[in-house]
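The values are calculated or read from the model by the stated rules, or taken from the named source; none is laboratory data. Being a predicted model, the structure only gives us computed values, none of them experimental. In this analysis, Cβ positions are derived from the backbone assuming ideal geometry, glycine residues included, and neighbour counts consider all displayed protein chains. Heavy atoms of the whole protein, side chains included, go into the accessibility calculation; ligands, DNA and RNA do not. Shrake-Rupley method; radii C 1.70, N 1.55, O 1.52, S 1.80 Å.
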Amino acid sequence: MLAPLLVIWPMSLALTWLAAQGIANKPYDRALLESVRTLAQRIEPGERGIRFDLPKETARLFRADELDNVYYQVLGTRGEFVSGDRDLPVPPDGDGGVLGEPRIRDDEVQDDSVRVVYVWVAVPGSSRPALVQVGETLTKRSRLATEIIKGVILPQFVILPVAVLLVWFALARGLAPLNALQRRIRERHSDDLSPIDVHDVPEEVSPLVQAFNDLLERQQGSMSTQKRFLADAAHQLKTPLAGLRMQAELAARAVASGNGDARALQASLEHMANASQRAAHMVNQLLSMARADAQAGIAARAVLDLRVLAIDVVRDFVPKALDKGIDLGYEGPEPVPDDASEADTAAVDCRVLGHPLLLRELIANLVDNALQYTPTRGTVTVRLLVDPFGQVVVLQVEDSGPGIPQAEKDLVFQPFYRALGTPVDGSGLGLAIVAEIAAQHGTTIALDDARSGAQIPPGEGPGARFTLRLPRAQPSPPSDDADLAQTQTQTQTQA
């Protein structure tokens, strides 16, 4: 704040000087105007132009000035000199002015600056006017302007330091609470996420402190969620690891004693393989959830074709479906050929704005969950529907498994929750990952029965249908990069 004051002060001096010049000129210009009018009244028409009579005493009184030199001049209708001072210059050419209206100009007489007031006087019987002008040097004006400037500037020399001290004191006093707040934040421990008391902070920064408290609250909630997740993960990993260790110890004892038969040893090895497989599956699920959480804030969203993504995931799970004897299929728009019309392309536009890796993980978890719970000779269908009115792309994964009871439909999306009485091995993380990814894309996953209200064949269940509605991406002008990405996508789909 001191720098602007130091810049404004010279500007104030310049403006004060200009204002003082205007103020000093006004009274003396008014006196010159009265003098010009007085001289103009003494002009009378004569035989050879005009006649001007000014008594010597009046002329002496007119020139009486202790500080300045006063000049006057009277010129006839033909420009001839009539009376006064010959050294006073005439107005410039073209400056005829209005008859009877005094005008003011700045000029020089014998290298002295003068202020001149002149008037063109109409003379009866003549088509040309006479000229009367009075000039005065600028000594009195300069002195008056100097006095005005002194009266204004001298107080500023006192006011400016006082203003600087007041500003310094006000800022120091105003920043004191901020310095105290800074010390309080610096002295906090890294694990102290309690909110800051807003009653002890300045009113101006109170919204900032409240926003910081909101950030601390969200960070505390995130850390609490991570702690609970790690505790649950450690607890869930204990079971397969403990079973793996127990089976390894049993196999080692049987081999060491030499009494174990091949069947018992084979059973132990199979249990070890199953336990290690469950542990590996759970670790992969934990990594997937951690990746989903990490990429929520850093992964860049892009326009992608959900149709191509769904077909690729279905193809990846075909071997697993064949091993279990399950009919895995895709229902929805097929890839559009290159020669398709623009209307046909728009009708099956399945482009959405999202994270490619996360959406692929979402579809893969839904398909894997459906294959896990669908019995042999069952069906799993990945379906895509385009809703042109709602401007959304609907993704559905439907199976013919035992279904999920109504009371547990909200619980299955919680981490590590598994329905009771199911013989399927699982970690309880697949649907939690799906819900997390859906929330990051601004939508929710809906769960209902696949055969609600329909006749269920013997030996089959009501099945489950997971529905996700993603907003369609707005069309954008084609670019070279977009054309290249579309060509690569079509090439992968054909392959």
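Keeping every protein chain in place, order Met272, Met246, Met223, Met1 by accessible area at 1.4 Å, biggest value first, i.e. largest first. Intermediate results must be reported in sequence, preceding the final value.
Values: Met272 45, Met246 100, Met223 70, Met1 140 Å².
Ranked from most to least accessible, the order is Met1, Met246, Met223, Met272.
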Exercise. Is the shape of the stretch 102-179 best called rounded, prolate or oblate, per the rule: a/c under 1.5 gives rounded, else a/b larger than b/c gives prolate, else oblate, with a ≥ b ≥ c the square roots of the Cα gyration tensor eigenvalues?
Worked result: prolate
Seminar exercise, completed: Sparse-neighbourhood loop hits (GluC sites (Glu not before Pro), the stretch 177-207; DSSP loop; Cβ within 10 Å at most 14 others) -> Glu187
For this session: Starting from the amide H of Gly403, placed 1.01 Å from N in the peptide plane, find each other amide H under 5 Å away whose residue is 5 or more places distant or on another chain.
Result: Gly463, Ala464
Seminar exercise, completed: Those chymotrypsin sites (Phe, Trp or Tyr not before Pro) from the stretch 99-178 that are DSSP loop and have at most 14 other Cβ neighbours within 10 Å turn out to be none
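Once you list every other residue whose beta carbon is under 13 Å from the beta carbon of Leu193, what net charge do they have if Lys and Arg are +1 and Asp and Glu are -1? Intermediate results must be reported in sequence, preceding the final value.
On the way: positive: Arg188, Arg218, Lys227; negative: Asp191, Asp192, Asp214, Glu217.
So the environment of Leu193 carries a net charge of -1.
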For this session: May I ask you to evaluate 6.51 cos²θ - 1.76 cosθ + 1.60, the Karplus curve with θ = phi - 60°, for each residue of the stretch 145-159 and list the ³J(HN,Hα) values in order in whole Hz, giving x for glycine and proline?
Result: 5, 5, 5, 5, 5, 4, x, 9, 7, 4, x, 5, 5, 8, 5
